[in-house]
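The values are calculated or read from the model by the stated rules, or taken from the named source; none is laboratory data. No experiment lies behind these values; they were computed from the predicted model shown. As a convention, Cβ positions derive from the backbone with ideal geometry for all residues, glycine included, and neighbour counts pool all protein chains shown.
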Amino acid sequence: MIKEYDGQDFLELTKDGSVLVQYYADWCGPCQMLKPIIEQLAAEMTDVKFLRLNIDNHRELAVAAGIQSIPTVVMYKDGKENAREAGFKPKHLMEAWINNAK
């Protein structure tokens, strides 16, 4: 399951275990292509929490995270950034990246 970020304490959400955050915007075509892939992976990978963050609604967090292009996925491990990947990736590559990053 993917949780949509809606203003909660970001550090609280990312402090425990592996948390993948997808930074996206509604107008971004590659973001929309990546969404169903992330949804499938979220259903299959129960050892990772999944979070989506709309950069238009939460610009300050995107800037603080150094997001320069979207879609960008960032893996946080116990509150610290562990890995990041920008751009669209097919499911098998995204799954391999997540398994490497968690």
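Evaluation of Arg52 against the conditions (1) of a type outside the set (Gly, Ala, Ser); (2) within 20 Å of Asn99 (Cα to Cα); (3) touching a Leu at 6+ places or on another chain (Cβ under 7 Å) shows that the sole unmet condition is (3).
Selection of first residues in the stretch 68-95 that are farther than 17 Å from Glu12 by Cβ and of second residues that are polar (S, T, N, Q) and assigned to a loop (DSSP other than H, G, I, E, B), restricted to Cβ pairs under 9 Å at least 6 apart or on distinct chains, gives the following pairs, ordered by first then second residue: Ala86/Gln68; Ala86/Ser69; Gly87/Ser69. Counting only helices (runs of 4 or more DSSP H) wholly contained in the chain, no element carries 3 or more residues that are of a type in the set (Ser, Thr, Tyr), modelled with pLDDT of 95 or more and crowded, with 17+ Cβ neighbours inside 10 Å.
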